[in-house]
Amino acid sequence: MANIEEERYQEEAAFERYTKLEKSRESNKKKLESESVQKVESRDRYNVRRSLINNFDGLALERVLGNIDLISINYFEQGIKASKPVCRIHVRLPNGKSAGFGTGFLISPNLLLTNHHVLNKFDVAKMSLAEFNFENDIKFIPKDSKVFRLNPGRFFYNNRKLDFAIVAVHPVSTQDTPLSEFGYLELIERSGKALISEQVSIIQHPSGSDKQIALRNNKILDIFQDFVHYETDTLPGSSGSPVFNDQWQVVALHHSGVIKRDAKGNILAKDQKTIWTPSMGDDQICWIANEGVRISSIFKHLRSKADWTPQHLRLLNDLETPGETQSERSFGARLMAAEDSAEKGHTKKAAKPKAITIEEFYKLLDSEDITEEQIAEYIKIDPESSEAFNPQFRFNEDQVIDTTGVESDRVISWANSISRRFRLIKYFKRLARGGRFTKIVSEGDSWFQYPFFLHDLIDHLIDDDKLAVYSLGAGGDLLRDMTTKAEYVAIIKQENPSYFLISGGGNDLVGGGGLSEKVKMFDPNRKPKDYLTEQFAVFEDEIRSQYQRLFSNLTTEFPNLKTLCHGYDYIVPKGGKWLGAPLERNGINDSKLQREILIVIMDRMNDIISNAADQFPNITYLKLTDIVPRNGWYDELHPKSNNFGDLAAVFMDAIL
């Protein structure tokens, strides 16, 4: 656990509550020997419980009443689905050191629920990780887990008394898997999701191990105020697990075990005689029951807090089930009131941002409300380290204070991931809005993703509300990288788009100063078409092979998917390191000859892509030459933002 003292505090409180309720438990137990559960429970709770049962599950009520144990085979399929949002939390201290494990689960597209004693501080949450899919397959082979950073800067709230913590999760894993892949557990606010003596199940990561379940043979002992007691098997690391009824609805947030003690209050070991000591380990403690926090109580507490910001209300609104809450009490109603109030106020003109420290800059990156344009105020392109279709960045010393001796590797390594995160947020927001739109997955180089300083081709497509674009692009990617890792295959299967967009080959052509070896030395008697070397022929074969492989995979895996590829416009040498300088090293100094050679190169390359597309069904090649004017280039390889818009219009015409 992250905080042993907090864990012990919760155990003491749970024991005290359990002891106080002994008479109540015994009374209920005695009543149940001769009466049905509906005689023990309140009528309101009993009626709610009945309302939550599927009308087609004819035996469900009999199970609730304890009269039968038969259950539909689809129970297990439902359980597998309910297990996906459950994750292992790797708790790390602010210094990065591991502090143990807990369990948590997604309760909305963005928010995760666990215990206060798992994530007891903002700084702990900031360093901790959520690991999904940490489980074994049917052959007990570990699956590929996906690790996500938590984002307390966007949302973090915890409460010690009820021992719960809610924190935002970054929408994309460290392996670029979207959080949406794991779904979430929809919470029900009403009291009555489980009754006394009913069986419950817990999906958990006991002791930080692979995902496991304590299934059904776990009886509810008592339900009172904010907590529920039940018999079930848990271990340290299970804190923060969801407690389910037979319909896989979350009844409670598991938070503590109830320890057996002697008359003097000493903790007893499993033999119920020996006094337990820490050296024995927690697995030797005699646990007599478990305690969970009621979901209805968590909702009640969240609603009682009056000072939520509009950003927080927007996220909390995702927790609500339509029809479950009176409109005037809903987070959505409070959000509308807050936004109406803000509109009536005075909007101040945005000023130039103040200079900030490096730590403040890193914190800024954690905010999902920040835009690429705002980040661009604090960084600038590093012309010395940038490569072809792979722009690199460093701090803007005028806006980031005291960068002496501090490397900006973090900015450089995060550039593509930050931009991708922003795009995914826009993608999922577009899906959430509903209505009619065309779903697209895109993969490509910096024509498809040029972070911060250019509004590239994909940015223009994302701007159109008729499109929802899932972007995989990354500046610097070679075509062979895209085809080898084949990340697009998994995402296409997951998102089921109507179109797949691919941009590749430009970095393969000029990356690493490679243009020099593809062009012969200057000879006044050579025509532009005769300047290409054998190395260029090798390059052509490689590009042809990669595109054929890509298109073959696409048409085989997704025969109904429409794919759009494109050629490149005629790039303009300006004496830069990617075009002008390599040609000058070969003695080709005349700008007109340079441009004529590059036109030959681009025509040859575009023909390869076009011919490859013609060999496969549902692959369309888009001609992009003669669209960007000579003064429309940001640098030697990238059009200016508005000219990227002209290129995007060609894609729009093909899609819509």
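The values are calculated or read from the model by the stated rules, or taken from the named source; none is laboratory data. Since this is a predicted model, take the numbers as computed values, not measurements. Ideal geometry is used to build each Cβ from the backbone, glycine not excepted, and the neighbour counts take in all protein chains shown.
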Kindly list the number of the only condition in (1) modelled with pLDDT of 85 or more; (2) under 25 Å from Pro559 (Cα atoms) that fails for Thr484. (1)
State yes or no: is His255 assigned by TED's automatic domain parsing to the domain that holds Asn28, surrounded by 14 or more Cβ atoms within 10 Å (Cβ to Cβ) and in contact with a Ser or Thr (Cβ under 8 Å, 6 or more places away or on another chain)? yes
Subset of region 196-211 that is assigned to a loop (DSSP other than H, G, I, E, B) and touching a Phe, Trp or Tyr at 6+ places or on another chain (Cβ under 7 Å) - its residue that is nearest to Ser239 (Cα to Cα): His205
Please count how many residues of region 559-594 are over 38 Å from the mean Cα position of the chain (by Cα) and not in a loop (DSSP other than H, G, I, E, B). 10
Any idea which of Gly435, Gly444, Gly475 is surrounded by 18 or more Cβ atoms within 10 Å (Cβ to Cβ), at pLDDT 80 or above and among the small types (Gly, Ala, Ser)? Gly444
Please verify whether region 129-144 includes one or more residues that are over 23 Å from Phe244 (Cα atoms) and assigned to a strand (DSSP E or B). yes
Please verify whether region 199-210 includes one or more residues that are free of Cβ contacts under 8 Å to residues at least 40 places away in the same chain, within 26 Å of Ser27 (Cα to Cα) and not assigned by TED's automatic domain parsing to the domain that holds Asp318. no
Only one of (1) among the hydrophobic types (A, V, I, L, M, F, W, C); (2) modelled with pLDDT of 95 or more; (3) buried (at least 24 other Cβ atoms within 10 Å of the Cβ); (4) outside any loop (DSSP other than H, G, I, E, B) is not met by Leu119, so which one is it? (4)
Got a sec? Which of Ala263, Ala333, Ala306, Ala337 is exposed (fewer than 14 other Cβ atoms within 10 Å of the Cβ), at pLDDT below 85 and assigned to a helix (DSSP H, G or I)? Ala337
All positions within region 231-247 that are modelled with pLDDT of 80 or more and touching a Pro at 6+ places or on another chain (Cβ under 7 Å): Ser238
Taking the conditions exactly as written (in contact with a Ser or Thr (Cβ under 9 Å, 6 or more places away or on another chain) and in the same structural domain as His90 (by TED's automatic domain parsing)), does Ser180 satisfy them or not? no
Only one of Lys574, Lys623 is surrounded by fewer than 17 Cβ atoms within 10 Å (Cβ to Cβ) and either at pLDDT 90 or above or more than 27 Å from Val519 (Cβ to Cβ) (or both). Can you tell me which? Lys623
Please note which helices (runs of 4 or more DSSP H) are completely contained in region 1-108 and include at least 1 residues that are more than 30 Å from the chain's Cα centre (by Cα) and modelled with pLDDT under 85. 4-20, 22-34, 37-40, 43-51, 60-64
